[in-house]
1. Got a sec? Which of His71, His91 is loosely packed, with under 10 Cβ neighbours inside 10 Å and modelled with pLDDT under 70?
2. Among the residues of the range 7-54, how many are among the small types (Gly, Ala, Ser), surrounded by 11 or more Cβ atoms within 10 Å (Cβ to Cβ) and either at positive phi or in contact with a His (Cβ under 9 Å, 6 or more places away or on another chain) (or both)?
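The values are calculated or read from the model by the stated rules, or taken from the named source; none is laboratory data. Fair warning: this is a prediction, and the values are worked out from it, not measured in the lab. Virtual Cβ from ideal backbone geometry, glycine too; neighbours counted across all protein chains shown.
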Amino acid sequence: MGVALTVGVVGLVILFHAAYLTIRYKGLLKITEDEFSGPPFNVVIELCLGLLLSFWAALTVPGKFLSIHPHSPDNRIVSLPDNLDFMIFNHRRKVSPVEMDVKLRQ
């Protein structure tokens, strides 16, 4: 997990660097009074590399994908505990009015 997390951080740093370069490029175009037709090619390459690294880290950092099939041997039985002492069913219904036909003041 440490390697994947490091790769993800590097991917985010590359994305922020590409954004910074695009902002500087637009500022340079304002000085030279040229039109912005798109980011330079090296910024596009940085964006693609940063996105690939970030996507790879996002898929590997959370862990192993588990099966969602109902008859998979990886599934386990989930049930309520036998001891119901810690289950509390108090809620706001006790303090709300019983009659719901309360008229609004006009």
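1. From the options His71, His91, the qualifying one is His91.
2. So the answer is 1.
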